[in-house]
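Here the structure comes first, spelled out in structure tokens, and everything after it is commentary.
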Amino acid sequence: MGMFSRFADIINANINSMLDKAEHPEKMIKLIIQEMEETLVEVRAAAAKHIAEKKTLLRQKRTIETSISHWQEKAELAVSKDREDLARSALAEKNKSKEQAQLIQEELDTLEEYLSKVQEDSQRLQDKLTEAKRRQQAYVVREQSVQARLKVRQQAAVVNIDEAIAKFERYQQKIDRVEAEVEAYDLTENKDLNSQFRELENDDNIEQELAQLKKQVANG
């Protein structure tokens, strides 16, 4: 079942109010436009059918008008020939044709009124459809704007993350350099201390060798 049950429902509908109350106006506007377009197609199809009927009635009316003229001429001819009987018959046929023409004219008047109303309502429906499509375009523009802002924010977030990582890496590099300097200092300091101990050991060895040498000389 469609959103609108009758043609008048669309014409009298407050589209903006419906959309403002809708939980998902973007989906609602698509359904409304679809319903309007389908209804407009139906209205145009009905109008085309009645226009074709109007053309048929006009052809019939022209044929009957020709018949009226024909019987009028026959009646005049009969009168000129003193044939009142034939004149009466011709006038009777003329009156029948006039009655038919009157009925056709009444149908044409009804059709004209109907087509005029259809044209007016079709224009109102087209205006409603234009309004709905304009509202839909506004939703599209708004969604594109939201997506653009979201993309900018996401890019900004990525940039901020990259900057944070870069800062961390710079701090880490500074820490690595300080630790390297400390290790180098410790390594250098340890080397100096070891050298001092080796010098002491070397001194002791020399003293021992000197003592032994003195003993050997004294004994000799």
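Could you compute the net charge surrounding residue 44? Neighbours are other residues with a C-beta less than 12 Å from the C-beta of residue 44; K and R count +1, D and E count -1. Neighbourhood net charge equals -3. Here the spin labels are modelled as points 7 Å beyond Cα on the Cα-Cβ line, and at residue 126 and residue 51 they lie 1.1 nm apart.
Note down the magnitude of the dipole of segment 16-134 about its Cα centre, charges +1 on Lys and Arg C-beta and -1 on Asp and Glu C-beta and zero elsewhere, to the nearest 20 debye.
It comes to approximately 360 debye.
The gain in end-to-end length when the residue 172 to residue 84 segment is fully stretched comes to 18.8 nm, 0.36 nm per residue minus the alpha carbon separation. Sorting 70, 50 by solvent-accessible area of protein heavy atoms yields 70, 50, largest first, with a 1.4 Å probe. The share of accessible area on segment 77-117 that comes from carbon and sulfur is 50 percent, using a 1.4 angstrom probe.
The values are calculated or read from the model by the stated rules, or taken from the named source; none is laboratory data. Keep in mind that this is a model prediction, so the values were computed, not measured. Cβ: placed from backbone, ideal geometry, glycine included. Neighbour counts: every protein chain shown. Note: accessible area is taken over every heavy atom of the protein model, side chains too, but ligands, DNA and RNA are not part of it. Shrake-Rupley method; radii C 1.70, N 1.55, O 1.52, S 1.80 Å.
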